[in-house]
Structures are given as C-alpha cells and as structure tokens.
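A quick write-up on the structure given underneath.
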Amino acid sequence: MDSVRCLTPADLPRLRNFWIEQWGGELMYMHGDVVRYDEVEGFVYGDWAGLITFQMRGDECEITSLDSLQEGNGIGTKLIDEVLRAARAKKCRRVTLVTTNDNLRALGFYQKRGFRLAALHCGAVDDSRKHKPSIPLTGQNNIPLHDEIELEILI
Ligand SMILES: CC(C)(COP(=O)(O)OP(=O)(O)OC[C@H]1O[C@@H](n2cnc3c(N)ncnc32)[C@H](O)[C@@H]1OP(=O)(O)O)[C@@H](O)C(=O)NCCC(=O)NCCS
C-alpha cells in the first residue's frame, strides 16, 4: 500500500522538478512573499503521486503547495491530515494556505475539510505574475486569474 513519508534533503532535486512541472517554477509567490523549494518541509505520497509542502513559523503553519496526481482517491485528504498532525505536534495555533480565485475545486476541498475563508488578497496573483510570468492570465475553469483567497483552520 502507498504510504506517506517526510521530505528529506535527498528529495530536493525531485521537489524542484515537481514544482517546475506543477507550478511553473522553483519559486512560489504568495501574498508578496517568495517561497523557495529548498525552504519548505513536506510529505510525499507514494512515488510522488501526491506532495504537500509547508512552513512553520512560531505558532503558525502555512501550507505552501498541495498536489494530487491521482485525484479523487483520498491522497489530498491524507496529506492535509499529515500536516495538521505535524502542526499540532509543534503546538501551532493555526494552519493557513492561499488558493487562487479560479480554483473552485480546491476551495470546495479545503472547506469540506474544516478550513474557513480568512482573507481576500485582491490582485495578489497579478502582482505575483510580474515576478513569475509563467502564471497564466486565465486559470482553471476558464476563469481570469487575479486574486488569492486565504483559508485557515484553527487547531
Ligand atoms: C485539490 C486536490 C489537492 C485534491 O486532492 P485529491 O487527492 O483529489 O483529494 P481527495 O481524493 O482526498 O478528495 C477529493 C475531494 O476533492 C474534490 N475533487 C477531487 N477531484 C475532483 C474532481 N476530479 N472533480 C471534482 N471534485 C474533485 C472533491 O471535492 C472531493 O471531496 P469530497 O470527497 O469531500 O467530495 C487536487 O484536486 C489537486 O491536486 N488539484 C490541483 C492542484 C491544486 O489546485 N492544489 C491546491 C492548490 S491551493
């Protein structure tokens, strides 16, 4: 059975390639911050059928990426659960993440798993695109891609 394991330093080259393939670069831009692939912790599902990355700062944990390459099989849920467990173990108060205004699937997915809408960053994706031109103008569901929606879960 496929299982979940922690990212290790040996995973960095593959993590870099994974982010480039899934997110168009080795850097993530979110709410004005830059996150490098070698600055995150994470969990891998199976042979990279799923990946979640996060950063812990003080009593906050921010999920920096989540990808399931075999959707609808529980992989995304399992990876979220692992991060919540890790955050509780580190005595974090809340776990946050941002998704984009086009990502209707992710918005449903997170809310069904207890996350609440916490903030709207209007134009944040447009700002990120200035640094990362690979961010498309039109996102999923043919929706113009402009804004970040921040979600949180208190733990
Ligand atoms: C969001 C995502 C991580 C979910 O991963 P997953 O492995 O499919 O998740 P699970 O199998 O655990 O759960 C499936 C849930 O996701 C949604 N979902 C997943 N695939 C779906 C599909 N093909 N069509 C519609 N809904 C879908 C459903 O709401 C379902 O929820 P439910 O079981 O409560 O009805 C995955 O769709 C993904 O990788 N998307 C692309 C990357 C992305 O947008 N990441 C989030 C960025 S913030």
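The values are calculated or read from the model by the stated rules, or taken from the named source; none is laboratory data. Since this is a predicted model, take the numbers as computed values, not measurements. FYI the Cβ positions are ideal-geometry reconstructions off the backbone, even for glycines, and counts take in every protein chain you see. The area values use the complete protein model at the heavy-atom level, side chains included, leaving out ligands, DNA and RNA. Shrake-Rupley method; radii C 1.70, N 1.55, O 1.52, S 1.80 Å.
Would you mind telling me the share, in percent, of accessible area of the chain contributed by carbon and sulfur at probe 1.4 angstrom?
Numbers: 4220 of 8430 Å².
Within the chain, the accessible surface is 50 percent carbon and sulfur.
Calculate, in nm to one decimal, what Glu26 and Arg14 gain on full extension: separation in residues at 0.36 nm each, minus their alpha carbon distance.
Computed gain between Glu26 and Arg14 is 3.2 nm.
Over the Cα atoms of region 79-121, each weighted equally, I'd like the Debye log10 I(q)/I(0) at q = 0.29 Å⁻¹, rounded to two decimals.
-1.13
Rounded to whole Å and sorted largest first, what semi-axes of the equivalent ellipsoid does the C-alpha gyration tensor of region 12-74 yield via the square root of 5 times each eigenvalue?
Whole-Å semi-axes of the equivalent ellipsoid: 19, 14, 11.
Give me a comma-separated list of calculated 3J(HN,Hα) values for region 33-39, in order, Karplus coefficients 6.51, -1.76, 1.60 applied at θ = phi - 60°, integers in Hz, x for any Gly or Pro.
9, 10, 10, 8, 4, 8, 10
Of His31, Ala124, Leu151, which is farthest on the positive side of the dipole of the chain, counting Cα position, with +1 on Lys and Arg Cβ, -1 on Asp and Glu Cβ, and the Cα centre as origin?
So the residue we want is Leu151.
Scan around Gly25 for amide H atoms under 5 Å from its own, H built in the peptide plane at 1.01 Å from N, and keep only partners 5 or more places away or cross-chain.
Under 5 Å from the amide H of Gly25 lie the amide H atoms of Ile20, each far enough along the sequence or on another chain.
In whole Hz and in residue order, list the ³J(HN,Hα) couplings for region 57-73 that follow from phi through the Karplus curve 6.51 cos²θ - 1.76 cosθ + 1.60, θ = phi - 60°; x for Gly and Pro.
Calculated HN-Hα couplings, in order: 9, x, 9, 10, 10, 10, 6, 9, 6, 8, 9, 10, 8, 10, 5, x, 10 Hz.
Work out how far the C-alpha atoms of region 69-155 reach from end to end along every principal axis, then list the three figures in whole Å, largest first.
38, 28, 20
For Gly50, list long-range residues whose amide hydrogen, built 1.01 Å from N in the peptide plane, is under 5 Å from its own amide hydrogen.
It is Tyr45, Leu69, by chain and number.
Where the only charges are on Cβ atoms (+1 Lys, Arg; -1 Asp, Glu), what is the dipole of the chain about its Cα centre, to the nearest 20 debye?
I would put it at about 420 debye.
What lysines sit close enough to Lys78 to cross-link, taking a C-alpha to C-alpha distance under 19 Å and skipping anything fewer than 8 places away on the same chain?
Correct list for Lys78: Lys90, Lys112.
Run a plain Debye calculation on the chain (Cα atoms as equal point scatterers, no solvent) and give log10 I(q)/I(0) at q = 0.09 Å⁻¹, rounded to two decimals, same order as the q list.
The calculated log intensity ratios at q = 0.09 Å⁻¹ are -0.26.
Could you derive backbone 3J(HN,Hα) for region 111-118 from the dihedral phi with the Karplus parameters 6.51, -1.76 and 1.60 (θ = phi - 60°), listing whole Hz in sequence and x where the residue is Gly or Pro?
Karplus-based 3J(HN,Hα) across region 111-118 equals 5, 5, 9, x, 6, 10, 5, 10 Hz.
Name the residues of region 67-93 whose amide N is less than 14 Å from a point 7 angstrom out from the Cα of Ala118 along the C-beta direction?
Correct set: 84, 87-88, 92-93.
First check a/c for region 57-106, with a ≥ b ≥ c the square roots of the eigenvalues of its C-alpha gyration tensor; if it is under 1.5, answer rounded, and if not, answer prolate when a/b is larger than b/c or oblate otherwise.
Oblate, since a/c reaches 1.5 and b/c is not below a/b.
Where both residues lie in the chain, what percent of DSSP beta bridges are antiparallel, nearest 5?
Bridges in the chain are about 90 percent antiparallel.
What residues have an amide H closer than 5 Å to that of Arg94, excluding those fewer than 5 places away on the same chain, when H is modeled at 1.01 Å from N in the peptide plane?
Counting only residues 5 or more places away or on other chains, the set is Cys61, Ile155.
Given the convex hull over the Cα atoms of region 28-113, what projected area results after averaging over all orientations, in nm²?
Projected area, direction-averaged: 5.9 nm².
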